[in-house]
1. Do we have Ala276 as in contact with a strand residue (DSSP E or B) (Cβ under 6 Å, 6 or more places away or on another chain), in contact (Cβ under 8 Å) with a residue 60 or more places away in the chain and closer than 29 Å to Ala183 by Cβ here?
2. Can you tell me which residue in region 345-373 is nearest to Arg208 (Cα to Cα), limited to those that are of a type in the set (A, V, I, L, M, F, W, C) and modelled with pLDDT under 95?
3. So, restricting to helices (runs of 4 or more DSSP H) that lie completely within region 172-253, which ones have at least 1 residues that are touching a Cys at 6+ places or on another chain (Cβ under 6 Å) and either buried (at least 23 other Cβ atoms within 10 Å of the Cβ) or modelled with pLDDT under 95 (or both)?
4. On the basis of being crowded, with 19+ Cβ neighbours inside 10 Å and either modelled with pLDDT of 95 or more or farther than 28 Å from Thr230 by Cβ (or both), does Arg342 make the cut?
5. Could you look through region 273-290, keep only residues that are in a strand (DSSP E or B) and hydrophobic (A, V, I, L, M, F, W, C), and pick out the one that is farthest from Ala117 (Cα to Cα)?
6. Return the residues of region 262-280 that are surrounded by fewer than 23 Cβ atoms within 10 Å (Cβ to Cβ) and within 18 Å of Val346 (Cβ to Cβ); say none if nothing qualifies.
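The values are calculated or read from the model by the stated rules, or taken from the named source; none is laboratory data. What you see is a predicted model; the values in this text were computed from it and never measured. Cβ placement follows ideal geometry from the backbone for every residue including glycine, while neighbour counts extend to all protein chains displayed.
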Amino acid sequence: MDYHRPPSYAGRAASGPLANRFERVHLVSEREQLPVEGPLTDDSTRAAPGDPSGGDSLIVQTKIPTQWFPDASRTIIRENNSPDIPFRYSINPYRGCEHGCAYCYARPTHETLGLDAAIDFETKILVKHDAARLLREELARPRWSGEPIVMSGVTDCYQPAERRYQITRSCLQVMLDARQAVAIVTKNALVLRDLDVLRPLAERNLVRVMVSITTLRAELARRMEPRTATPAARLRTLGELSAAGVPCGVMVAPVIPGLNDQEMPAILREARQAGALTAAYQLLRLPLSVKPVFFDWLSRELPEHRDRIESRIRSTRAGKTNDAEFGRRMRGSGAYAEEIARLFQVFRQQCGLDGPLPPLDTSQFRPPRSASGQLRLF
């Protein structure tokens with residue numbers, strides 16, 4: 001599969017801002033007025049991928065820096081009652097995600113902050129600096145019983161900001177202290193940094209990790225998920241987690257009809273060989289402002305395949321590009337969606353990934369003391 005002109009912003013999947021559906025005033029940037037060279041452009045030019053001239057055609061990409069802002073949330077544990085989500089509680093240390101995946105279903109959440117779901121979602125990250133303190137306080141409440149918590153339910157808890165702020169790590173340390181069961185979903189090898197915390201959690205059956213792998217093609221991953229770990233690094237992550245005794249599995253997500261669905265057998269085989277114990281998948285979802293971001297990316301990167309991929313997506317959504325109904329939104333409907341499900345199930349079983357991970361032990365939970373060390377009276 002050929003790759004064409006790069007994204008308008010270096011290392012970003014979004015090509016620019018997107019009108020916020022909640023705002024009445026929209027700003028339109030005139031990027032053609034930017035100088036060819038300057039503080040907003042990449043110092044190094046490079047050949048466009050797949051350039052027929054053999055690499056003589058050079059491009060200059062506009063750079064846009066990532067900004068981090070404090071998040072003043074007063075709570076950290078979020079509850080959901082969606083019947084097709086297999087967990088009740090979750091923690092998201094960050095809002096927005098620098099991974100910048102073109103397909104990310106969480107993009108519309110940024111619009112509730114007065115930001116856009118495209119380039120703002122990737123470059124304006126809100127950091128919950130008080131997450132560990134809030135977590136400690138909420139775990140100490142009498143009504144909390146130690147039910148498992150997922151990190152993260154929305155944006156990746158090991159996105160690049162975590163290297164700087166270590167919010168996820170500080171939360172895991174609180175969970176270890178409280179013997180709180182936790183499940184982690186990530187596509188970043190940065191999770192290996194915290195093996196010193198994950199090992200003792202695993203020894204007590206208090207942790208499991210699902211590593212998301214969308215494709216094994218490094219070039220496609222670089223274009224579609226520009227700031228994530230490479231596919232090879234994610235496989236190595238499964239291997240190192242397994243070697244450390246941390247139960248882990250692979251999440252093939254999202255499955256994009258016509259783009260990566262035929263890779264599922266290879267992903268499952270490689271993940272099993274690396275050490276994964278189980279596997280799951282989710283079909284591509286394009287709610288609200290995710291749709292224009294994804295199709296814009298598709299038009300820029302794979303223009304000759306866009307119509308076919310869109311047609312396949314619609315064939316799994318009853319002619320539409322999205323279906324928000326519980327029970328269908330994660331799996332789709334129709335013959336093609338059933339074919340994807342059968343393909344996954346056959347190779348999941350063939351690879352020995354059809355069993356569950358060891359159950360988390362919630363019986364060990366003990367309310368943590370406050371940061372001051374003082375006991376609660378009520």
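1. Numbers: in contact with a strand residue (DSSP E or B) (Cβ under 6 Å, 6 or more places away or on another chain): yes; in contact (Cβ under 8 Å) with a residue 60 or more places away in the chain: yes; closer than 29 Å to Ala183 by Cβ: yes.
Answer is yes for this residue.
2. In the first step, residues of region 345-373 are kept if they are of a type in the set (A, V, I, L, M, F, W, C); the result is 346-347, 351, 353, 357, 360, 365, 371.
If we keep only those that are modelled with pLDDT under 95 as well, we get 357, 371.
Numbers: Leu357: 8, Ala371: 26 Å.
Residue satisfying both the conditions and the ranking: Leu357.
3. Working: elements: 195-203, 218-224, 231-243.
In region 172-253, the matching helices (runs of 4 or more DSSP H) lie at 231-243.
4. Working: crowded, with 19+ Cβ neighbours inside 10 Å: no; either modelled with pLDDT of 95 or more or farther than 28 Å from Thr230 by Cβ (or both): yes.
For Arg342, the condition - crowded, with 19+ Cβ neighbours inside 10 Å and either modelled with pLDDT of 95 or more or farther than 28 Å from Thr230 by Cβ (or both) - is not met.
5. Across region 273-290, the extreme among qualifying residues is Ala279.
6. Residues of region 262-280 that are surrounded by fewer than 23 Cβ atoms within 10 Å (Cβ to Cβ), as a first pass: 262-266, 269-270, 272-275, 277-278, 280.
Within region 262-280, Gln262, Glu263, Met264, Pro265, Ala266, Arg269, Glu270, Arg272, Gln273, Thr278, Ala280 qualify.
Every residue, every condition in (1) crowded, with 20+ Cβ neighbours inside 10 Å; (2) basic (Lys, Arg), yes or no:
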position	(1), (2)
Pro83	no, no
Ser90	yes, no
Gly96	yes, no
Cys104	yes, no
Arg133	no, yes
Met151	yes, no
Gln159	yes, no
Gln166	no, no
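So that you can scan it fast, the table gives a plain yes or no per residue for (1) touching a Leu at 6+ places or on another chain (Cβ under 7 Å); (2) hydroxyl-bearing (Ser, Thr, Tyr); (3) in contact (Cβ under 8 Å) with a residue 40 or more places away in the chain:
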site	(1), (2), (3)
Val150	no, no, yes
Pro160	no, no, yes
Thr168	no, yes, yes
Gln180	yes, no, yes
Asp196	no, no, no
